[in-house]
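K.L.:
Let me begin by handing over the structure; questions about it come next.
No lab work stands behind these numbers, since they all come straight from the coordinates. Computed from a predicted structure; not experimentally measured. Here Cβ is always computed from backbone atoms with ideal geometry, including for glycine, and neighbour counts include all displayed protein chains.
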Amino acid sequence: MSEYYFGPVLSQDGVMFRIWAPLKDEVLLKLQDHTPRQMERDPAGWHYLKIPSAKAGDRYKFLIGNGQEVPDPGSRYQPDDVHGYSEVVDLTKYAWSERAWEGRPWEETVLYELHVGAFTAEGTFKAAAERLGHLADLGVTAIQLMPISDFPGRYNWGYDGVLPYAPDSTYGRPEDLMALVDAAHKRGINVFLDVVYNHFGPDGNYIPLFAPLFTDEHKTPWGDGINYDGAKSDVIREFIIQNAIYWISEFKLDGLRLDAVHAIKDDSPEHLLDELARRVRDAVGSRHVHLIVENEDNDSDLLRRGEEGRPLRFTAQWNDDVHHVLHVAATDEDFGYYKDYADDPGKVGRALSEGFVFQGQEMTYSGGHRGKPSLDLPPTAFVSFIQNHDQIGNRAHGERMITYRPLEPLKAITAIYLLSPQIPMLFMGEEWGAREPFPYFCDFGDELNKMVREGRREELSRLPGFHANDLLDPTAASTFAMSKLDWSALSSQEAEEMLFFYKSLLALRHQRIVPLLTGASGGVGAFQSEGRVTKVEWCLTESKCLYLVANLSEQPAQFSSTVAGEKLFILGSSIEGHLAPWTVKVGIRSR
């Protein structure tokens, strides 16, 4: 057992309870319905006590002085939420049926982002597993769960987690998550998890009471940075890195999406991100495991490739730039961060062919320079999308695009992102035109709820369509309830038609485009713009180039360049170089 192991250790002769609390000289273990017992302390600040009679299912807390009770930071399960007792869980008892699962190659990936609580009426891991057949039929090859680490209250987006090792009890037990992963693997579907290593939530994080979790040497949007490079930071780093390995190893997950890595501050010789990626890859051996980042800085160095095009650290990045250019094209919106992507159709071509629009250029809205060169990266280093939890939730009313734009532009940008060589990601319900909003929601105590409401009101008041008298209360149960998908809507003719459209595009992707992506290298994309028309070409193999021609506007457009090759897909119409509004053509030509 590693000296840095977090959480209880089960063996045939009992349970070893451990907690790293260097700021406390004494810590007591409190088993539920038992008298607290003194734990031993070593010089490094570890407190430990073995209980021969303890077993899986027992509940416990730690007493750190003055009657203060805290859960185990390494808790595997919190049956009564973040302030309650931790439960001893034996994860080795789950009987995996897909023991031989080795994952799927990255180029086959079609991601589907979902929130466990809102994906079904029940909002559980078990209920999500029952919908996997729908996703497999659709052509999805990987689900990405929004964060599930234990958060306070009955509902939350997940980014306010405080116990990283414990799946939130509102979704079910850890074994239920294992069953979801097992069921997904049976259907050939990878499972990814969104993890948050840049901050802890504001309610239920007891760690600073007994360990140096934070440092005032670094600042983040959520306050002091996590202590990844200061005094006693070695244990904090281990706490996070072992968490990443834990999800991949114990739950057999196929990848992680690291939230907002630009906010992870670390001046160590080896940055936390580098060490985490290195050690996760070392731990999994030959399995296909993929690491994705969200990174506002567009730091392409994190995505560099090595021998045979293998990622040295991270596999891909969520490509906000693709979202922004396609959203602006389909809506003409230019408020907020969309301002930097407006009034230049050429940016669509650059985002699709090179990955990042901003590769060191100055940005108007946010100020400063953003990004590094990305042309030399393969297109599979980028995850593209037209909707996700942020882009919907950042709107004043959390509304989906289908509720305020016609189908023509929506279908056009859908065809582009599903048939481009970048890795596509759908947001739950998008495939049938779900109209449920997805506003931010959380459930804290009264004081924090008030602060959230006021902060949200101030933030959203700058957006078009904001009206103070109809602002959704992010802390209300009704806001969470309205975010749940209505699966009965699938029976409508409109939903069936949209679902058929998505299935057809994904079938085409798997049949004709994915085979071209194996071993795709960097520098394969190029684009040209002519008025409102954009042409993009990716020469993905020695003999084949994929091309796209699109008129993303309300007006007919003329395009003088012609492409000779096999037509794979046509949306709209074109006659002698004239493209109707919202026309998209995709094909393959020989080099």
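K.L.:
Show me the ranking of peptides 157-163, 196-202 by mean Cβ neighbours inside 10 Å, starting with the highest.
P.N.:
Details: 157-163: 24.6, 196-202: 21.3.
So the order, starting with the most tightly packed, is 157-163, 196-202.
K.L.:
In whole Hz, with x marking every Gly and Pro, tabulate ³J(HN,Hα) for the stretch 7-23 from phi via Karplus 6.51 cos²θ - 1.76 cosθ + 1.60, θ = phi - 60°.
P.N.:
Working through the residues one at a time gives x, x, 10, 8, 8, 5, 10, x, 10, 9, 9, 9, 8, 8, 9, x, 7 Hz.
K.L.:
Could you sort 344-355, 81-92 so that the peptide with the highest average Cβ count within 10 Å comes first and the rest follow in order?
P.N.:
Working: 344-355: 23.3, 81-92: 19.5.
Result, highest mean Cβ count within 10 Å first: 344-355, 81-92.
K.L.:
Tally the DSSP beta bridges in the chain and give the antiparallel ones as a percent, rounded to 5.
P.N.:
Of the beta bridges lying entirely in the chain, close to 70 percent run antiparallel.
K.L.:
Same structure, new question: From the phi angles alone, apply the Karplus equation (6.51, -1.76, 1.60; θ = phi - 60°) to the stretch 204-220 and give each ³J(HN,Hα) in whole Hz, x where the residue is Gly or Pro.
P.N.:
Using θ = phi - 60°, the values come out as x, 8, 8, 4, x, 5, 9, 8, x, 5, 10, 9, 8, 6, 10, 10, 10 Hz.
K.L.:
Is the stretch 513-589 rounded, prolate or oblate when judged by the Cα gyration tensor, a ≥ b ≥ c being the square roots of its eigenvalues, rounded requiring a/c under 1.5 and prolate requiring a/b larger than b/c?
P.N.:
Here the stretch 513-589 falls in the prolate category.
K.L.:
Please state the charge dipole magnitude for the chain, taken about the Cα centre, from unit charges on C-beta atoms (+1 on K and R, -1 on D and E), reported in debye and rounded to the nearest 20.
P.N.:
Computed charge dipole of the chain: roughly 1340 debye.
K.L.:
Give the cysteines in the chain for which no other Cys Cβ lies under 4.7 Å away, or write none if there are none.
P.N.:
442
K.L.:
On a straight-distance basis, which lysines could pair with residue 252 in a cross-link, Cα separation under 22 angstrom, same-chain partners fewer than 8 positions away excluded?
P.N.:
Within the straight-line limit of under 22 Å, residue 252 reaches these lysines: 93, 126, 186.
K.L.:
Could I ask something else about it? So how do 542-555, 381-394, 294-307 stack up, highest first, on mean other-Cβ count within 10 Å? Before the final figure, lay out the partial values.
P.N.:
Values: 542-555: 19.1, 381-394: 22.0, 294-307: 17.5.
So the order, starting with the most tightly packed, is 381-394, 542-555, 294-307.
K.L.:
May I ask you to list the lysines whose Cα is less than 18 Å away from that of residue 503, ignoring any residue fewer than eight positions away on the same chain?
P.N.:
411, 585
K.L.:
Where the convex hull is taken over the Cα atoms of the stretch 1-64, what is its projected area averaged over directions, in nm²?
P.N.:
Across all orientations, the stretch 1-64 yields a mean hull projection of 4.3 nm².
K.L.:
With axes computed from alpha carbons, what is the tilt in degrees of helix 493-508 against the longest principal axis of the chain, rounded to the nearest 10 within 0 to 90?
P.N.:
90
K.L.:
Quick check: net charge around residue 154, other residues with Cβ under 12 Å of its Cβ, Lys/Arg +1 and Asp/Glu -1? Kindly include the intermediate steps, with their values, before the conclusion.
P.N.:
Numbers: positive: none; negative: 81, 168, 443.
With Lys, Arg at +1 and Asp, Glu at -1, the net is -3.
K.L.:
Return one number: the angle in degrees, 0 to 90 and rounded to the nearest 10, between the long axis of the Cα atoms of helix 407-419 and the longest principal axis of the Cα atoms of the chain.
P.N.:
Long axis of 407-419 versus the principal axis of the chain: about 70 degrees.
K.L.:
Please state the shape class of the stretch 267-331: rounded when a/c is under 1.5, otherwise prolate if a/b exceeds b/c and oblate if not, all from the C-alpha gyration tensor.
P.N.:
prolate
K.L.:
Would you be so kind as to identify which of 558, 437, 382 lies farthest towards the positive end of the dipole of the chain, taking Lys and Arg as +1 and Asp and Glu as -1 on Cβ and the Cα centre as origin?
P.N.:
The residue sitting farthest along the positive end of the dipole is 558.
K.L.:
Follow-up. Whole-Hz Karplus ³J(HN,Hα) for the stretch 69-76, in order, using 6.51 cos²θ - 1.76 cosθ + 1.60 and θ = phi - 60°, x for Gly and Pro?
P.N.:
9, 9, x, 6, x, x, 4, 8
K.L.:
Next up: What are the radius of gyration and Dmax of the chain, computed over its Cα atoms and given in Å?
P.N.:
24.7, 85
K.L.:
If you take all C-alpha pairs in the stretch 389-453, what percent of them are over 13 Å apart?
P.N.:
Tail of P(r) above 13 Å: 70 percent of Cα pairs.
K.L.:
Another question, if that's okay. Using Cα pairs closer than 8 Å and at least 6 residues apart in sequence, work out the relative contact order for the stretch 524-590, in percent.
P.N.:
31
K.L.:
Dipole of the stretch 9-90, Cα-centred, from +1 at each Lys and Arg C-beta and -1 at each Asp and Glu C-beta, to the nearest 20 debye? Don't jump to the answer; show the numbers that get you there.
P.N.:
Details: 10 positive and 13 negative charges, 24 e Å.
About 120 debye.
K.L.:
Okay, moving on. Please give the net charge around residue 459, taking every other residue with its beta carbon less than 12 angstrom from that of residue 459, where Lys and Arg add +1 and Asp and Glu add -1.
P.N.:
Taking every other residue near residue 459 into account, the sum is +3.
K.L.:
While we're looking at this one, here's another question. Which net charge results when you count Lys and Arg as +1 and Asp and Glu as -1 among the other residues whose beta-carbon is under 11 Å from that of residue 410?
P.N.:
+1
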